[in-house]
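Accompanying notes for the structure given below.
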Amino acid sequence: MEWLRDLLEAAQRLDSRWLYPVLLVSSYVENIFPPLPGDTVTAFGAYLVGRGVLKLGWVVASTVVGSVGGFMTLYGLAYSGGRAILRRRRVLSDRRVRRAQRWIDRYGDKVILINRFLPGLRSTVAVLVGLGGMRPRKVLAFSFLSASVWNGLLIYVGFLLGTNWEAIGRVLRAYTWAVGTFLGTIAVGWLGLYLFRRYRTQLLRK
């Protein structure tokens, strides 16, 4: 991505105090607009730490705050407005809403914990737990843990790569493809099993 490389090269010429807000905004917007390569920008921040331009603690703090802020923004919109729309327009029956809420109560914390490790699905997770009505404090705590571990890992790897920090973008693309393929296979398998059971039930009723 030539435009990203040019943008980051220009960022190096900024006063270091302005780079922390850039990292924060990048991490925030990446949740709202997933095509933005926020993880790559985070790795670039680690490279600047290695060069002595930025401080490690501030890079970790700015990226984690941005990541959690973006996640909580989507969650808040779904929690406050999304559920009201679903109820008003009766998109889902009360029985299905209760079933979804039970699923969120059982698995929601685990899904949030791994959400940062699911590129492309982070925004979806935020919306789902918001629609499921998961409590804000739990969402905030688990999203903070997830972002801290993932961003910390990215920054550590970016620091080790040094001038080759851009390689992390290629690794992330491969990782995203692998995760997407794996989850897609599970989804197709689950849907196939659901349709098969439904078809078999209809046959037995005849």
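Coordinate-derived values only; no laboratory data. None of these values were measured; they are calculated from a predicted model. Cβ: placed from backbone, ideal geometry, glycine included. Neighbour counts: every protein chain shown.
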Most exposed first by the Cβ proxy, i.e. fewest other Cβ within 10 Å, how do 71, 144, 117 rank? 117, 144, 71
Among 16, 123, 26, 67, what is the fewest-to-most ranking by other Cβ atoms within 10 Å? 16, 123, 26, 67
Obtain the nm distance between the two label points defined at residue 106 and residue 135 by a simple spin-label model: each point lies 7 Å from its Cα along the Cα-to-C-beta direction. 2.0 nm
What's the exposure ranking of 58, 103, 150, 18, going from fewest to most Cβ atoms within 10 Å? 18, 103, 58, 150
